[in-house]
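The structure under discussion appears below in the form of structure tokens.
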Amino acid sequence: MKIVWKNRTFFGKQQLVFSEEDKAFLIKSGIVEVQTRAESVLAYLGVGDTIVVNEGLDFYARTALDLEEVELEENRYASFYNHLLVERMDEYHYSAQARVSICIKKLADKFGTEKNGEIQIATNFTQYDIANYCNLKREYISVLLRRLAGRRIIRIKPKPWVVLDMEALREYISETSF
């Protein structure tokens with residue numbers, strides 16, 4: 001007798017391991033880090049996003065996580081992450097300042113909570129996460145975050161990080177792109 005688990009729950013930080021039969025899961029709660037086999041962060045996924053099991057990628061629960069198995073059209077599985085790979089490759093043409101700013105904007109857009117015109121980013125993210133995402137050293141991330149804070153675009157102390165002015169962040173990305 002084969003047991004089929006439609007829902008999965010993970011408690012805390014751990015690598016997600018899937019069977020050969022697993023195809024796709026909807027994230028009902030939590031945050032998932034998607035890494036390439038070279039350990040580069042491809043994306044952070046959250047509530048409402050879909051994990052499509054892929055041999056070339058590793059998935060890590062960053063928080064407690066609830067998943068629900070879903071069906072996708074068969075032709076969508078193979079190329080599901082291609083647009084993310086292309087987008088991330090394009091980001092590497094940008095300056096370090098722009099890459100860090102893009103990462104902060106993505107985190108604010110996806111995992112931020114608006115409060116009084118400011119956007120608080122979930123406390124789960126650290127300078128190490130930004131460093132891994134941007135392929136930079138953590139110490140340099142600290143310098144670049146302080147630069148953004150000095151322009152009053154973000155506040156980094158105390159946590160949670162807060163985007164004070166999203167429009168200024170967008171402008172900063174444009175100014176520092178190349």
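The values are calculated or read from the model by the stated rules, or taken from the named source; none is laboratory data. In this text, all values refer to a predicted model and were calculated from it rather than measured experimentally. Cβ placement follows ideal geometry from the backbone for every residue including glycine, while neighbour counts extend to all protein chains displayed. Ligands, DNA and RNA are stripped out before the accessible areas are found, and what is left, the full protein with its side chains, is counted by its heavy atoms. Shrake-Rupley method; radii C 1.70, N 1.55, O 1.52, S 1.80 Å.
Please report the accessible area of LEU57 (heavy atoms, 1.4 Å probe, ligands and nucleic acids excluded) in Å², nearest 10.
20
Please determine, in degrees from 0 to 90 and to the nearest 10, the orientation of helix 82-91 with respect to the longest principal axis defined by the Cα atoms of the chain, where the helix direction is its Cα long axis.
Taking Cα atoms only, the helix is inclined about 20 degrees.
Would you mind getting me the FRET efficiency between ASP22 and MET89? Use the beta-carbon distance for r and R0 = 25 Å, nearest 0.05.
Between ASP22 and MET89 the formula returns 0.40.
Label VAL143 and GLN35 with points 7 Å out from Cα along Cα→Cβ: what is the distance between them in nm?
2.6
Just read off the accessible area of ARG170 with the full protein assembly in place, 1.4 Å probe, to the nearest 10 Å².
For ARG170, solvent-accessible area is about 100 Å².
Semi-axes of the chain's equivalent ellipsoid from the Cα gyration tensor, sqrt of 5 times each eigenvalue, largest first, rounded to whole Å?
Computed over the chain, the values are 32, 18, 14 Å.
Accessible surface of SER29 in the full protein assembly, 1.4 angstrom probe, to the nearest 10 Å²?
40
Can you give me the % of accessible surface on the stretch 14-76 that is carbon or sulfur? Probe 1.4 Å, all protein chains present, nothing else counted.
In the stretch 14-76, the share of accessible area belonging to carbon and sulfur is 43 percent.
With a 1.4 Å probe and all protein chains in place, put ILE141, ILE119 in order of accessible area, largest first.
ILE119, ILE141
Considering the alpha-carbon set of the stretch 14-76 alone, what are its Rg and its Dmax in angstrom?
Calculated on Cα positions, Rg and Dmax stand at 11.1, 30 Å.
What angle do you read, to the nearest 10 degrees and between 0 and 90, between the alpha-carbon axis of helix 166-176 and the longest principal axis of the chain?
Computed tilt is about 80 degrees.
Using only the alpha carbon atoms of the stretch 65-131, find the Kirkwood hydrodynamic radius as the inverse mean reciprocal pair distance, in angstroms to one decimal.
Result for the stretch 65-131, one decimal place: 14.7 Å.
Once R0 is set to 45 Å, what does the formula 1/(1 + (r/R0)^6) return for the Cβ-Cβ distance between ARG155 and GLU71, expressed as a FRET efficiency to the nearest 0.05?
0.55
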